[in-house]
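Worksheet: the structure to be examined is printed underneath.
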Amino acid sequence: MAKSRPHIILSAAMSIDGKIATHSGESTLSSKMDLARLHLLRRNMDAILVGKNTVHIDDPLLTVRYVKGRNPIRIILDSRGTISMNSKIVKTADKVPTIIVVTDRAPRNMKKLEKKGIEIIRCGRNNIDLKRLLSILQKRKIKKILLEGGGITNWHFLKKKLVDELIITVTPYILSGKDAISLIHGDSFGKISNCPSFKLKKIKRMKNEIILNYTS
Ligand SMILES: NC(=O)c1ccc[n+]([C@@H]2O[C@H](COP(=O)([O-])OP(=O)(O)OC[C@H]3O[C@@H](n4cnc5c(N)ncnc54)[C@H](OP(=O)(O)O)[C@@H]3O)[C@@H](O)[C@H]2O)c1
């Protein structure tokens, strides 16, 4: 039976101790080889989705650069529409299709962003309604989404049982830091019997890194 929403792959590079960034937000954990692997994965996706903190902190391009291939649509969850006009995402929106998802907390007038070529999807009152968003994206033939973090966004998707697959690179660092963002950064799921669990499908060693592939 065809799925009623896109297939979601959660992708991240984490430290041995499960962090995806240091206390100060630094997150360049992957080797060049791992980045090339990630970009190969990106080019087979219809969209890449991230939360607004990742854009504020990393100022990423979210494009395919280390290998040849087309760029997926970029989707940013930013309920109040706070993305900086100086961010690389906004500056390149005339070349790479970009959607910013906001809620009713964002200003009604988002013309400044729209003029840059960005599409605004309004979806939810206070929080972004992820199920509704995925149904909108599905209708637009977006079938595969790479969820690239950060930890808070990953948690929102897992909480709603919207993750079908995880591809996690374990990098050889130990970051520690009580406030450092974890792979999944949210409230506890409680008892282990209530925690999401996945099947280990594949393991690949790449020099000093391990890539883990889990499916639901
Ligand atoms: N190592 C890696 O692979 C990797 C990958 C990505 C990011 N990172 C790191 O992770 C850090 C950022 O992660 P983070 O956990 O702080 O933030 P994040 O997940 O990037 O962004 C979280 C914010 O996005 C918005 N958002 C996400 N889901 C939402 C939902 N369902 N409904 C409404 N709003 C939603 C919320 O902001 P609003 O309420 O204001 O909209 C939320 O506070 C950075 O340091 C970055 O470098 C690492």
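The values are calculated or read from the model by the stated rules, or taken from the named source; none is laboratory data. Remember, predicted model here, so these are calculated numbers, not experimental data. Here the Cβ is made from the backbone with ideal geometry for all residues, glycine too, and neighbour counts use every protein chain on show. With ligands, DNA and RNA removed, areas are computed over all heavy atoms of the protein, side chains included. Shrake-Rupley method; radii C 1.70, N 1.55, O 1.52, S 1.80 Å.
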Worksheet item: Picking from THR153, THR169, which residue would you name as being open to solvent by less than 50 Å² (accessible area, probe 1.4 Å) and under 18 Å from THR22 (Cβ atoms)?
Response: THR169
Worksheet item: Is it the case that some residue within the stretch 18-31 is closer than 17 Å to HIS185 by Cα and more than 10 Å from the ligand (Cβ to nearest atom)?
Response: yes
Discussion item. Looking only at the stretch 42-60, how many residues end up being of a type in the set (A, V, I, L, M) and open to solvent by 50 Å² or more (accessible area, probe 1.4 Å)?
Written reply: 1
Discussion item. Let me confirm something: among ILE83, ILE76, ILE89, ILE128, which residue is without any contact (Cβ under 8 Å) to a residue 40 or more places away in the chain, open to solvent by less than 50 Å² (accessible area, probe 1.4 Å), under 21 Å from GLY151 (Cβ atoms) and in a loop (DSSP other than H, G, I, E, B)?
Written reply: ILE83
Worksheet item: Residues in the stretch 86-93: is at least one touching a helix residue (DSSP H, G or I) at 6+ places or on another chain (Cβ under 7 Å) and of a type in the set (Gly, Ala, Ser)?
Response: yes
Worksheet item: Only one residue in LYS204, LYS178 is surrounded by fewer than 10 Cβ atoms within 10 Å (Cβ to Cβ) and of a type outside the set (Ser, Thr, Tyr), so which one is that?
Response: LYS178
Fill in: Near pairs, Cβ below 9 angstrom, 6+ apart or cross-chain, from the stretch 37-53 (more than 16 Å from ILE167 (Cα to Cα) and within 9 Å of the ligand (Cβ to nearest atom)) to any residue that is of a type in the set (D, E, K, R) and modelled with pLDDT of 95 or more
GLY51/ASP78; LYS52/ASP78; LYS52/ARG80
Response to the item:
Those residues of the stretch 66-99 that are more than 16 Å from the ligand (Cβ to nearest atom) and of a type outside the set (Val, Ile, Thr) come to a total of 11
Item to complete: Looking for whichever is open to solvent by 10 Å² or more (accessible area, probe 1.4 Å), more than 14 Å from the ligand (Cβ to nearest atom) and without any contact (Cβ under 8 Å) to a residue 24 or more places away in the chain here; the options are LYS139, LYS143, LYS112. Which one fits?
Response: LYS139
Item to complete: Search the stretch 2-17 for residues being over 19 Å from the mean Cα position of the chain (by Cα) and under 18 Å from GLU165 (Cβ atoms), and hand back the single one that is farthest from the ligand (Cβ to nearest atom).
Response: ALA2
